[in-house]
Amino acid sequence: MLQNTSRQTPAARNGTFGVGSAPRVTRFRPIVRGHSSHGQHSAEVSEEQLVSRRQALASKLLLVAGALMPAGPAMADVQAPTGQMKSLSDPILAYKFDYPVTTTAGKPLAMILSRTPEKYSSAAPLTADARQRIVSEVFDFRNFVTASMNVGPASGALKGRSPAEWKPREVALTVLVDRSTARTTAGQRVALNDLQETHLETRDGLQYWVYEHISQGSPTITTRTRESFRHSLAVTSWRPAMDGTPYLYTLNLSCPEDLWPELEPLFRRSVESFAMLPTTRDYIPPDKDPWLFF
């Protein structure tokens, strides 16, 4: 008489290999037979086989992965454009900085020295109170790219306080408010800038406050839309005047929003290059004859 026997099958499971019974994985172990010289030879051969199999499996996996992945650019053969820079150094107020003359895409910028470096007393004021003044500027009239240097005494929340207590956001807002001509109904001046990021850097023992900001601009030849925006990166440091009052030295780099992706890396290089230089015999303190325009 035939007897029916039932054989248990493993339950289906979900796993890395899909739905169904999980595959059996057997771990390969080196074979060691006794302590004879013949046994030692067998163990060595088995370990070599283990390494060989692992290398073969890894090679197959790499081939499969390479076949499944889409082809990408050969990054090792591509060099990212860096753009070109020029330097400006002024012994009168003792500062220096680099500014871009091309974009990262290689587009040339006709950066003209629109304001020759000059002393604070003869520089053009930014506002009616004449605190912040443009002491030098380079400008591309076609692409509306600017790199301007402004100098003025500490005011607002910074006045009467030690620079060691100044916060990055306080410095940024003070400079931007002093540059602005917009006022509230009560006559208080306000900054029409949107601060994106602020931080403090210390270089050679000096403080440098770096901040990124966006402002609304006017329609230009290249951008005729009713609303246009300018993206800027600025850095501010300070130096004591003859009476000890801190004077703010600000480098502001600005461009239309559509050029920002191509100029941001170069603007950051400009900010990194900005430095307060040791004073020489050509140095003229900003508070020396502040109303002497010649």
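The values are calculated or read from the model by the stated rules, or taken from the named source; none is laboratory data. Small disclaimer: the values here were computed from a predicted structure and weren't measured. Glycine gets a Cβ as well: all are built from the backbone with ideal geometry, and neighbour counts include every protein chain shown. We work out accessible area using only protein heavy atoms, side chains counted, and drop any ligands, DNA or RNA first. Shrake-Rupley method; radii C 1.70, N 1.55, O 1.52, S 1.80 Å.
Structure summary
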| read-out | value |
| --- | --- |
| Qualifying positions in segment 237-294 - of a type in the set (Asp, Glu), within 18 Å of residue 119 (Cβ to Cβ) and surrounded by 16 or more Cβ atoms within 10 Å (Cβ to Cβ) | 287 |
| Qualifying positions in segment 157-174 - among the small types (Gly, Ala, Ser), closer than 17 Å to residue 239 by Cα, open to solvent by less than 60 Å² (accessible area, probe 1.4 Å) and part of a helix (DSSP H, G or I) | 172 |
| Extreme residue, nearest to residue 107 (Cα to Cα), among residues of segment 237-294 that are among the aromatic types (Phe, Trp, Tyr) and either free of Cβ contacts under 8 Å to residues at least 60 places away in the same chain or in contact with a strand residue (DSSP E or B) (Cβ under 8 Å, 6 or more places away or on another chain) (or both) | 260 |
| Meets criteria (closer than 26 Å to residue 255 by Cα, open to solvent by less than 50 Å² (accessible area, probe 1.4 Å) and modelled with pLDDT of 95 or more) for residue 147 | yes |
| Single condition residue 132 does not satisfy, out of (1) touching a residue at least 40 places away in the same chain (Cβ under 8 Å); (2) of a type outside the set (Asp, Glu); (3) surrounded by fewer than 19 Cβ atoms within 10 Å (Cβ to Cβ); (4) within 20 Å of residue 92 (Cα to Cα) | (3) |
| Selection within segment 135-144 - open to solvent by 30 Å² or more (accessible area, probe 1.4 Å) and under 18 Å from residue 234 (Cβ atoms) | 137, 139, 144 |
| Count of residues meeting criterion [touching a Cys at 6+ places or on another chain (Cβ under 8 Å) and part of a loop (DSSP other than H, G, I, E, B)] in segment 139-156 | 2 |
| Yes/no for residue 112 being of a type outside the set (Ser, Thr, Tyr) and more than 23 Å from residue 209 (Cα to Cα) | yes |
| Close pairs (8 angstrom Cβ cut-off, 6 or more residues apart or separate chains): within 21 Å of residue 127 (Cα to Cα) and open to solvent by less than 60 Å² (accessible area, probe 1.4 Å) in segment 187-204, small (Gly, Ala, Ser) and modelled with pLDDT under 95 anywhere | 189/180; 189/182; 190/180; 190/182; 191/180; 191/182; 193/180; 193/215 |
| Verdict on residue 103 being modelled with pLDDT of 95 or more, crowded, with 21+ Cβ neighbours inside 10 Å and more than 18 Å from residue 276 (Cβ to Cβ) | yes |
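Residue-wise test of (1) of a type outside the set (Ser, Thr, Tyr); (2) on the phi < 0 side of the Ramachandran plot.
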site	(1), (2)
90	yes, yes
94	yes, no
98	yes, yes
104	no, yes
112	yes, yes
135	yes, yes
138	yes, yes
148	no, yes
164	yes, yes
